[in-house]
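Written out below as structure tokens is the structure these notes cover.
Values quoted throughout were computed directly from the atomic coordinates according to the rules given, and no laboratory measurement underlies them. This one's a predicted model, so the numbers in the text were calculated from it and none came from an experiment. Positions of Cβ are backbone-derived with ideal geometry, glycine not excepted, and every protein chain shown enters the neighbour counts.
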Ligand code: AHM
Ligand code: MG
């Protein structure tokens, strides 16, 4: 039988790659994987337990209806991170402001964590893949109370980032800046096992992912790039295939493994697009770059954007290096 490497073993094996205290990252990731397993358990019951389905009757600060599972997943992340003491505060898509942990174990925590606890949650009720995205930073000054500035660091300052995709199987993919590795949850063991070591995104791909319903709302450059994707040209394998699940994590994950580009551009109605820089775009950009891909807002590298607010949105072009560069060449 082939030797299984669990996520826990892998983290310990690779902890020398982490430039700060070794156990800290291990504790943080251990909190995240525990929350992921608990969320996975609930996500898997979504079709069975009728009262998990449907709206919780509350709205998050962006005016979107929260699903019960969004709230549940958010709580699980907060409980797990608070219990370990490495994180002193978090920010989440589901909370308007940062949440500071004032318990004794967490006060001195050196890290802050941003996450989207359940992304693509409109897909929950229809049994389509959803995901969790997380991003970890070192706080700026341990001797000062944690504040919003700790969260407004550019993506280049991330110390680790990852996502969990709850799909036909559940996978956790993460990076600490030394490549990207993927782990599949073995439900019989309840353990994430290394299944995708050292993931590299193909430099070129043949998949484009965009909500084409919005195409008339997009700037000319985006329209022209999509027309380019659809054009016939044998030499460059065009037309490309359009694939859009409507769950960022799942769309990104497919393109990461197969090669492709995901685009959520600015539109007339929403010039900055829909996706949030801090807990959706930056973590996936870190993973894409570590896998050899690219992420941009069309003009600038995502990870170099200086954030100005917690829930900032940004146009997003991510995936295979040559595809992102080609898309950028159409934008003025
Ligand atoms: P959410 O964070 O409210 O779930 O929204 C983010 C999701 C992404 O997962 C997905 O790619 C996108 O919204 C789909 O949006 P649209 O329906 O406008 O194409
Ligand atoms: Mg989201």
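Brief remarks on what is shown
- Cα gyration tensor, the chain - rounded (a/c under 1.5), prolate or oblate: rounded
- Cα coordinate range in the range 143-262, projected on the principal axes (Å, largest first): 55, 42, 25
- Cα centroid of the range 207-228 to Cα centroid of the range 252-302, whole Å: 15
- Each helix, a run of at least 4 DSSP H residues, gives -39500 (n - 2.57); summed and divided by the residues of the chain, these come to -8500 deg cm²/dmol at 222 nm.
- Tilt relative to the chain, helix 68-84 - C-alpha long axis, 0 to 90 degrees, to 10: 50
- Highest-MSF residue in the chain out of 284, 189, 256 [GNM, Cα springs under 10 Å]: 189
- In this rough spin-label picture, where each label sits 7 Å from Cα along the Cβ direction, the residue 22-residue 329 distance is 4.7 nm.
- Once the Cα atoms are used to define both axes, helix 220-230 deviates from the longest principal axis of the chain by about 80 degrees.
- The chain: angle of helix 248-258 to the longest principal axis, Cα-based, in degrees nearest 10: 70
- Inter-centroid distance (Cα atoms) of the range 95-114 relative to the range 303-332, Å: 29
- Relative contact order of the range 166-255, pairs being alpha-carbon contacts under 8 Å that are 6 or more residues apart, as %: 21
- Extension gain from residue 12 to residue 186, taking 0.36 nm per residue of separation minus the Cα-Cα distance: 60.7 nm
- Once the Cβ-Cβ distance of residue 217 and residue 95 is raised to the sixth power relative to R0 = 25 Å, the FRET efficiency obtained is 0.30.
- The range 80-137, relative contact order in percent, only Cα pairs under 8 angstrom and at least six apart counted: 31
- Springs join every pair of Cα atoms under 10 Å in this Gaussian network model of the chain, and among 188, 122, 247 the largest mean-square fluctuation is at 188.
- Pairs of Cα atoms nearer than 8 Å and 6+ residues apart set the relative contact order; for the chain it is 15 percent.
- The ranking of 168, 135, 26, 241 by Cβ neighbour count inside 10 Å, starting from the fewest, reads 168, 241, 26, 135.
- Calculated FRET efficiency, residue 149 to residue 232, Cβ-Cβ distance, R0 = 45 Å: about 0.30 to the nearest 0.05.
- Overall form of the range 208-296 per C-alpha gyration tensor (a/c, 1.5; a/b vs b/c): oblate
- Shape call, the range 7-196: gyration tensor on alpha carbons, a/c limit 1.5: oblate
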